[in-house]
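*Asks:* Once you've had a glance at the structure underneath, I'll fire off some questions.
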Amino acid sequence: MATISETTPAPSLTRQDFISDQEVRWCPGCGDYAVLAQMQKILPQVGVARENFVFVSGIGCSSRFPYYMNTYGFHSIHGRGTAVATGIKCANPNLSVWVVTGDGDGLSIGGNHMLHTLRRNVDVKVLLFNNRIYGLTKGQASPTSEHGKHTKSTPVGSIENPINPVSFAISAEATFVARTVATETKHMASVLRRAADHRGAAFVEIYQNCNIFNDGTFEDVTARDVKSDRLVVLEHGKPLVFGKNSNLAVRLHNLHMEVGPLDAPSNGSHLIVHDERASDPTLAHILGNMRWPDYPECIGVFRDVRKPTYDELLLGQIDQAQSAKGAGSLQDLIHSGDTWTIE
Amino acid sequence: MADTKEVTTPIKEVDRVTIRFAGDSGDGIQLSGSQFTLATARLGNDLSTLPDFPAEIRAPAGTLPGVSSFQISFSENPIFTPGDQPDVLVVMNPAALKVNLKDLTDGGIIVANANTFVPANFKKAGYDSNPLEDGSLKAYRVIPLPITELNARALADAPLTKKEIDRSKNFFALGVVYWLFDRPVESTVEWVQDKFKRRPEIAKANVTSLKTGYNYALTTEVFTSHYRVRKADMEPGEYRNITGTEATALGLVAAARLADKPLFYGSYPITPASDILHELAKFKQFDVRTFQAEDEIAAVCATIGASYAGAVAITGTSGPGLALKAEAIGLAVMTELPIVIINVQRAGPSTGMPTKTEQGDLAMAFNGRHGESPVAILAASSPSDCFTMAMEAVRIAVQHMTPLILLTDGYLVNGAEPWRLPDVEELSRIRITQDADPETFQPYGRDPETLARPWVTPGHPGLEHRIGGLEKAEGSGVVSHDPLNHERMVGLRAEKIARIAHDIPELEVEGERSGDILVLGWGSTYGAIISACRQMRTEGVRVSNAQLRYLNPFPRNLGNILSRFKLVLVPELNLGQLRDILAARYPGNRYMGLNKVQGQPFKIGEIRAKLEEILETGVMV
């Protein structure tokens with residue numbers, strides 16, 4: 001097993017160390033810029049040497065991300081970033097591997113790989129930039145586009161139901177699931193930092209605007225003047241209280257959430273204290289499914305539990321075999337089985 | 001043997017025998033076959049084996065789809081195929097007779113378990129009457145033996161259930177066949193005692209069945225003669241019998257060890273390639289990291305990722321899976337990463353005949369990707385050659401930084417033959433140059449000789465760089481849409497593959513180095529071709545043969561060899577895929593195809609018949 005990262009101390013790095021020499025070519029005003037900037041800002045704090053970071057992507061606007069990071073990077077093919085990342089992690093588990101994907105790349109063409117990467121708990125961090133549109137191919141409906149959405153490929157409205165990325169990730173039992181907003185830079189930085197520290201499959205959905213093909217897609221909940229009443233910021237161990245004046249609360253009533261004034265009578269419902277470490281993901285799932293206009297939408301960490309990772313288990317079986325049988329002898333292996341000698 | 005009674009039945013010397021054991025999957029057919037193989041190998045015969053499994057996992061007992069078989073051919077001379085036609089058919093029920101009779105040689109011997117030839121089984125097998133008695137088998141020598149009954153009588157005192165007793169009847173049958181071909185029973189006795197050491201009563205019963213069968217044949221004179229095949233003149237050394245699957249897996253493990261890297265094997269279950277995954281999953285102590293992917297695409301993509309991160313990275317599949325991997329192989333071409341894609345070919349297109357063999361994917365290996373995307377292509381020629389070619393595949397991929405397709409097929413991976421074991425000390429190390437100086441490092445800089453780019457893996461400080469599927473600028477590897485750069489890079493990638501020709505052996509011709517007819521095959525047709533050509537040469541026919549194992553690039557002397565023959569006969573288990581490539585690449589020669597797409601390998605006789613036809617019709621004039 002490669003031990004490079006174990007022997008190389010992380011030197012003190014700055015944001016500058018993570019900026020590559022490539023000119024960034026996203027459209028002016030694209031939400032991707034903010035994610036790139038926050039990523040370059042938090043990586044020096046993670047305590048990993050720069051040479052041990054690998055950014056992997058598929059195809060789409062977001063997938064240009066690795067070119068702009070001065071780390072190891074692999075811009076693969078459409079939807080397959082998670083599969084490539086899985087192989088990287090199997091070959092060298094010491095690397096900090098990040099997958100940058102979008103709603104089309106990660107949940108349409110790459111949906112199968114996303115599911116299996118998460119359920120295997122491969123130690124990779126997946127950032128899904130959700131702008132609810134195909135941008136690079138110039139404006140078709142994506143798997144997260146709303147029902148009825150008018151796009152180039154759905155001129156009279158989409159007849160499909162959208163997938164909810166957080167709900168998908170929780171159903172796949174990803175061990176870390178979060179949501180943030182590209183324009184909420186501080187919140188995004190803290191979520192990215194948490195993902196970086198997580199061991200196991202980390203999934204982060206980032207609400208992000210495409211000002212060319214889907215301008216204002218999350219405005220209903222993220223606009224400056226409405227967000228405090230429409231975004232609930234999840235914090236571990238704290239009740240789900242939100243609103244301009246912290247006067248609104250999310251309550252659980254049977255299997256549904258109810259939203260109302262903090263001081264409303266309980267009426268059979270009860271105030272929820274957020275527990276991101278709950279082993280049962282049911283509540284996280286319900287929170288992830290809250291959608292405007294029926295509900296405010298939650299951002300923050302839905303789930304953060306520690307389970308053995310795929311790469312730990314894979315290498316663990318190898319260590320176990322080697323301690324039980326010794327590092328294999330090729331001579332013995334070739335000469336095993338029923339052999340005979342011709343004089 | 002316990003019994004030392006004088007043998008009165010005459011013994012006949014024969015130079016080659018082919019036996020097929022057939023019965024229900026519950027009849028222990030594969031076990032009988034492998035035990036007979038071991039006993040035969042220890043006697044020093046050369047041999048070749050081929051099992052045939054039903055496509056259905058558990059077809060109903062006694063029915064035609066439930067028949068499983070195992071064929072072994074053994075000889076005092078070198079042999080290369082499991083035999084065209086069995087001389088002896090051992091059938092445990094009517095269905096097994098029905099399925100296999102068409103292959104039996106005229107005058108061949110049928111040993112049948114007569115106890116199973118009852119009306120209920122005739123119906124399942126589609127017989128109206130008892131074939132052992134109705135005269136329909138006149139052309140053969142039929143030996144009906146009440147095997148179930150005799151076996152039960154021999155074990156009457158054994159502390160076993162009736163079911164357990166019946167289960168050992170295959171050992172009775174095996175004992176009969178051991179006597180018929182003058183094989184010692186000791187290797188099987190040892191095997192049984194080891195296998196059932198925790199169930200000594202079962203071990204004892206099986207040994208009793210085996211010896212009773214042997215003695216029954218010896219004493220009852222149901223056979224008018226029995227047979228002896230003398231020792232073959234084989235190269236001294238230690239041997240084991242090996243299947244193509246086992247040899248492939250061992251070759252990969254050996255190659256990773258010789259390259260001093262972990263072995264990654266990413267694969268999605270598919271017949272008949274899955275067995276490679278099963279085999280490799282046993283070798284964890286060799287740092288073999290197997291990954292059962294969610295689909296074929298994930299398997300190859302994870303393999304590309306593993307290669308990028310520094311493992312010897314392999315993915316294995318069969319035809320339909322190769323089709324699914326095409327886009328990702330293009331990514332490996334563009335990123336110039338070493339991966340090996342093993343394609344265990346099966347009869348296609350689509351689901352086709354999954355358990356049956358074919359060579360239908362050569363054209364796909366050459367051309368099955370978009371854009372100009374050449375890859376190296378190898379093909380193994382025999383079960384044990386899978387070891388050599390798996391190692392060659394890894395060596396070429398990592399030293400030339402390219403994806404490589406290794407073609408095997410269903411016939412090769414299930415077939416087995418004696419393998420003279422190599423001395424590990426004598427295997428060459430696989431040298432990998434990974435050195436890069438941060439000051440001068442160019443991700444797409446090239447070795448002046450091979451044109452390979454450096455294999456720099458994540459974790460090396462100062463060498464951080466980005467690769468991907470977009471076209472790369474020569475040297476720096478940054479994204480480039482420059483028209484002339486693209487043309488140069490397409491040329492460089494093609495030239496890199498072409499230069500592998502300097503790093504592979506020349507093609508060897510067996511027989512005269514020039515003349516009338518060259519029989520040129522590729523991959524698994526080797527056994528049938530070499531057997532037919534050797535036979536015909538001993539009969540004075542001027543025919544030479546050669547077998548391609550390196551297909552892209554071709555051996556550097558191929559063009560020259562082709563030009564020295566008046567006619568090149570190209571036998572293939574497809575409609576002429578190699579022939580078309582040769583005709584395009586080396587025009588001016590006269591090519592003729594011999595093509596078969598029946599899901600079955602060539603028989604020696606089929607190659608001979610074609611050659612005889614060519615000679616008789618005077619095509620050569």
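*Asks:* Could you pull out the residue among B:Arg431, B:Arg488 that is more than 14 Å from chain A (Cβ to nearest Cβ) and closer than 22 Å to B:Ile377 by Cα? Step through it out loud before you land on a result.
*Replies:* On the way: B:Arg488 fails: closer than 22 Å to B:Ile377 by Cα.
Exactly one of B:Arg431, B:Arg488 is more than 14 Å from chain A (Cβ to nearest Cβ) and closer than 22 Å to B:Ile377 by Cα, namely B:Arg431.
*Asks:* Just for strands (runs of 3 or more DSSP E) wholly inside the range B:1-79: which have at least 1 residues that are farther than 24 Å from B:Phe196 by Cβ and modelled with pLDDT under 90? Break it down stepwise before answering.
*Replies:* Working: elements: B:11-13, B:16-24, B:46-52, B:67-75.
Qualifying strands (runs of 3 or more DSSP E): B:11-13, B:46-52.
*Asks:* While we're looking at this one, here's another question. When you scan the range A:155-164, do you find a residue that is in contact (Cβ under 8 Å) with a residue 40 or more places away in the chain and either more than 14 Å from every other protein chain (Cβ to nearest Cβ) or more than 19 Å from A:Pro281 (Cα to Cα) (or both), even just one? Before the answer, list the steps.
*Replies:* If we filter the range A:155-164 for residues that are in contact (Cβ under 8 Å) with a residue 40 or more places away in the chain, which is where we start, we get A:163-164.
From what is left, the residues that are either more than 14 Å from every other protein chain (Cβ to nearest Cβ) or more than 19 Å from A:Pro281 (Cα to Cα) (or both) are A:163-164.
Yes, the range A:155-164 contains at least one residue that is in contact (Cβ under 8 Å) with a residue 40 or more places away in the chain and either more than 14 Å from every other protein chain (Cβ to nearest Cβ) or more than 19 Å from A:Pro281 (Cα to Cα) (or both).
*Asks:* Based on what the data block shows, is A:Leu333 surrounded by 13 or more Cβ atoms within 10 Å (Cβ to Cβ) and out of contact with any helix residue (DSSP H, G or I) (no Cβ under 8 Å at 6 or more places or on another chain)?
*Replies:* Numbers: surrounded by 13 or more Cβ atoms within 10 Å (Cβ to Cβ): yes; out of contact with any helix residue (DSSP H, G or I) (no Cβ under 8 Å at 6 or more places or on another chain): no.
Answer is no for this residue.
*Asks:* Determine, yes or no, whether B:Pro144 is in a loop (DSSP other than H, G, I, E, B), at pLDDT 95 or above and not aromatic (Phe, Trp, Tyr). Working first, answer last.
*Replies:* On the way: in a loop (DSSP other than H, G, I, E, B): no; at pLDDT 95 or above: yes; not aromatic (Phe, Trp, Tyr): yes.
Answer is no for this residue.
*Asks:* Looking at B:Gly107, B:Gly126, which one is surrounded by fewer than 17 Cβ atoms within 10 Å (Cβ to Cβ) and farther than 20 Å from B:Ala61 by Cα? Before you say what the answer is, go through the steps one by one.
*Replies:* On the way: B:Gly126 fails: farther than 20 Å from B:Ala61 by Cα.
Only one candidate qualifies: B:Gly107.
*Asks:* May I ask you to list the residues in the range B:333-351 that are in contact (Cβ under 8 Å) with a residue 60 or more places away in the chain and either assigned to a loop (DSSP other than H, G, I, E, B) or among the aromatic types (Phe, Trp, Tyr) (or both)? Working first, answer last.
*Replies:* Here is the first cut: in the range B:333-351, the residues in contact (Cβ under 8 Å) with a residue 60 or more places away in the chain are B:333-347.
If the condition is that a residue be in contact (Cβ under 8 Å) with a residue 60 or more places away in the chain and either assigned to a loop (DSSP other than H, G, I, E, B) or among the aromatic types (Phe, Trp, Tyr) (or both), then B:Glu336, B:Leu337, B:Pro338, B:Arg346 are the ones that fit.
*Asks:* Could you look through the range B:353-370, keep only residues that are without any contact (Cβ under 8 Å) to a residue 60 or more places away in the chain and in a loop (DSSP other than H, G, I, E, B), and pick out the one that is nearest to the chain's Cα centre (by Cα)? If you could, list the steps in order and put the result at the bottom.
*Replies:* Filtering the range B:353-370 for residues without any contact (Cβ under 8 Å) to a residue 60 or more places away in the chain gives B:361, B:364, B:367-370.
Cutting the leftovers down to in a loop (DSSP other than H, G, I, E, B) gives us B:361, B:368-370.
Numbers: B:Asp361: 16, B:Gly368: 24, B:Arg369: 26, B:His370: 30 Å.
Among those that are without any contact (Cβ under 8 Å) to a residue 60 or more places away in the chain and in a loop (DSSP other than H, G, I, E, B), it is B:Asp361.
*Asks:* Now for a different question. Return yes or no: is B:Leu101 assigned to a helix (DSSP H, G or I), out of contact with any Lys or Arg (no Cβ under 8 Å at 6 or more places or on another chain) and of a type in the set (A, V, I, L, M)?
*Replies:* yes
*Asks:* Please state which of the following conditions A:Ser279 fails to meet, knowing it meets all the rest: (1) loosely packed, with under 14 Cβ neighbours inside 10 Å; (2) away from chain B (no Cβ under 14 Å); (3) over 20 Å from A:Arg120 (Cα atoms).
*Replies:* The number of the failed condition is (3).
Residues are listed down the side, and each one gets a yes or a no for (1) outside the structural domain of B:Ile79 (by TED's automatic domain parsing); (2) under 21 Å from B:Arg346 (Cα atoms); (3) surrounded by fewer than 20 Cβ atoms within 10 Å (Cβ to Cβ):
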position: B:Trp522; (1), (2), (3): yes, yes, no
position: B:Arg537; (1), (2), (3): yes, no, yes
position: B:Arg549; (1), (2), (3): yes, yes, no
position: B:Leu562; (1), (2), (3): yes, no, no
position: B:Gly576; (1), (2), (3): yes, yes, yes
position: B:Ala583; (1), (2), (3): yes, no, yes
position: B:Pro587; (1), (2), (3): yes, no, yes
position: B:Val597; (1), (2), (3): yes, yes, yes
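*Asks:* Tell me, which strands (runs of 3 or more DSSP E) lie completely within the range A:240-308 with 3 or more residues that are on the phi < 0 side of the Ramachandran plot and at pLDDT below 95? Before the answer, list the steps.
*Replies:* On the way: elements: A:248-253, A:256-261, A:297-304.
It comes to A:248-253, A:256-261.
*Asks:* Related question: Kindly establish whether A:Leu313 is over 30 Å from B:Arg240 (Cα atoms), within 14 Å of chain B (Cβ to nearest Cβ) and without any contact (Cβ under 8 Å) to a residue 60 or more places away in the chain.
*Replies:* Criteria met by A:Leu313.
*Asks:* Give all pairs with beta carbons closer than 6 Å in which a residue from the range A:322-343 that is free of Cβ contacts under 8 Å to residues at least 40 places away in the same chain and facing another protein chain (nearest Cβ under 7 Å) meets a residue that is outside any strand (DSSP E or B) and among the basic types (Lys, Arg); count only pairs at least 6 apart in sequence or on separate chains.
*Replies:* Between residues of the range A:322-343 that are free of Cβ contacts under 8 Å to residues at least 40 places away in the same chain and facing another protein chain (nearest Cβ under 7 Å) and residues that are outside any strand (DSSP E or B) and among the basic types (Lys, Arg), the close pairs are A:Leu330/B:Arg257; A:Trp340/B:Arg42.
*Asks:* Pick from the range B:294-312 the residues that are at the interface with chain A (Cβ under 7 Å from one of its Cβ atoms) and of a type in the set (A, V, I, L, M): which of them is nearest to A:Asp319 (Cα to Cα)?
*Replies:* So in the range B:294-312, the residues at the interface with chain A (Cβ under 7 Å from one of its Cβ atoms) come out as B:294-295, B:297-298, B:301-306, B:308-311.
Then keep just the ones that are of a type in the set (A, V, I, L, M); that gives B:297-298, B:302, B:304, B:306, B:309, B:311.
On the way: B:Ile297: 29, B:Ala298: 25, B:Ala302: 22, B:Ile304: 24, B:Ala306: 19, B:Ala309: 20, B:Ala311: 17 Å.
Checked the range B:294-312; the qualifying residue nearest to A:Asp319 (Cα to Cα) is B:Ala311.
*Asks:* Right, next: Answer with yes or no whether B:Glu327 is among the acidic types (Asp, Glu), facing chain A (nearest Cβ under 7 Å) and either within 24 Å of the chain's Cα centre (by Cα) or not in a helix (DSSP H, G or I) (or both). Spell out the reasoning first.
*Replies:* On the way: among the acidic types (Asp, Glu): yes; facing chain A (nearest Cβ under 7 Å): yes; either within 24 Å of the chain's Cα centre (by Cα) or not in a helix (DSSP H, G or I) (or both): no.
No, not satisfied.
*Asks:* What residue, among those in the range A:61-83 that are in contact with a Pro (Cβ under 8 Å, 6 or more places away or on another chain) and among the aromatic types (Phe, Trp, Tyr), is nearest to the other protein chains (Cβ to nearest Cβ)?
*Replies:* Only one residue fits best here, namely A:Tyr72.
*Asks:* A follow-up question, please. Could you say whether any residue in the range A:5-16 is assigned by TED's automatic domain parsing to the domain that holds A:Ala223, at pLDDT below 95 and of a type in the set (A, V, I, L, M)?
*Replies:* yes
*Asks:* For B:Leu174, state whether it is in contact with a Lys or Arg (Cβ under 9 Å, 6 or more places away or on another chain) and surrounded by 18 or more Cβ atoms within 10 Å (Cβ to Cβ). Working first, answer last.
*Replies:* Working: in contact with a Lys or Arg (Cβ under 9 Å, 6 or more places away or on another chain): no; surrounded by 18 or more Cβ atoms within 10 Å (Cβ to Cβ): yes.
No; evaluated as a whole, the condition is false for this residue.
*Asks:* Does A:Ile318 qualify as being of a type outside the set (Ser, Thr, Tyr), surrounded by 14 or more Cβ atoms within 10 Å (Cβ to Cβ) and under 16 Å from A:Val241 (Cα atoms)? Full working, then the answer.
*Replies:* On the way: of a type outside the set (Ser, Thr, Tyr): yes; surrounded by 14 or more Cβ atoms within 10 Å (Cβ to Cβ): yes; under 16 Å from A:Val241 (Cα atoms): no.
For A:Ile318, the condition - of a type outside the set (Ser, Thr, Tyr), surrounded by 14 or more Cβ atoms within 10 Å (Cβ to Cβ) and under 16 Å from A:Val241 (Cα atoms) - is not met.
*Asks:* Right, another one. Residues that are charged (D, E, K, R), surrounded by 23 or more Cβ atoms within 10 Å (Cβ to Cβ) and closer than 30 Å to A:Glu312 by Cβ: does the range A:201-208 have at least one? Working first, answer last.
*Replies:* Narrowing the range A:201-208 to residues charged (D, E, K, R): A:205.
Narrowing further to those that are surrounded by 23 or more Cβ atoms within 10 Å (Cβ to Cβ): A:205.
Adding the requirement that they be closer than 30 Å to A:Glu312 by Cβ leaves A:205.
Yes: the range A:201-208 contains one or more residues that are charged (D, E, K, R), surrounded by 23 or more Cβ atoms within 10 Å (Cβ to Cβ) and closer than 30 Å to A:Glu312 by Cβ.
The rows are residues; the columns are (1) assigned to a strand (DSSP E or B); (2) in contact with a strand residue (DSSP E or B) (Cβ under 8 Å, 6 or more places away or on another chain); (3) in the same structural domain as A:Glu146 (by TED's automatic domain parsing).
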{"residue": "A:Ser167", "(1), (2), (3)": "no, no, yes"}
{"residue": "A:Arg179", "(1), (2), (3)": "yes, yes, yes"}
{"residue": "A:Ala195", "(1), (2), (3)": "no, yes, yes"}
{"residue": "A:Gly200", "(1), (2), (3)": "no, yes, yes"}
{"residue": "A:Phe203", "(1), (2), (3)": "yes, yes, yes"}
{"residue": "A:Gly216", "(1), (2), (3)": "no, no, yes"}
{"residue": "A:Asp220", "(1), (2), (3)": "no, no, yes"}
{"residue": "A:Ser228", "(1), (2), (3)": "no, yes, yes"}
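*Asks:* One residue is enough: does the range A:84-95 have a residue meeting the conditions within 9 Å of chain B (Cβ to nearest Cβ), farther than 26 Å from A:Pro308 by Cα and touching a Ser or Thr at 6+ places or on another chain (Cβ under 7 Å)? So that I can check it myself, show each step before the final result.
*Replies:* Restricting attention to the range A:84-95, the residues satisfying the condition of being within 9 Å of chain B (Cβ to nearest Cβ) are A:84-92, A:94-95.
When the remaining residues are screened for being farther than 26 Å from A:Pro308 by Cα, the result is none.
No, that holds for no residue.
The values are calculated or read from the model by the stated rules, or taken from the named source; none is laboratory data. In this text, all values refer to a predicted model and were calculated from it rather than measured experimentally. So basically every Cβ, Gly included, is an ideal-geometry build from the backbone, and we count neighbours across all protein chains shown.
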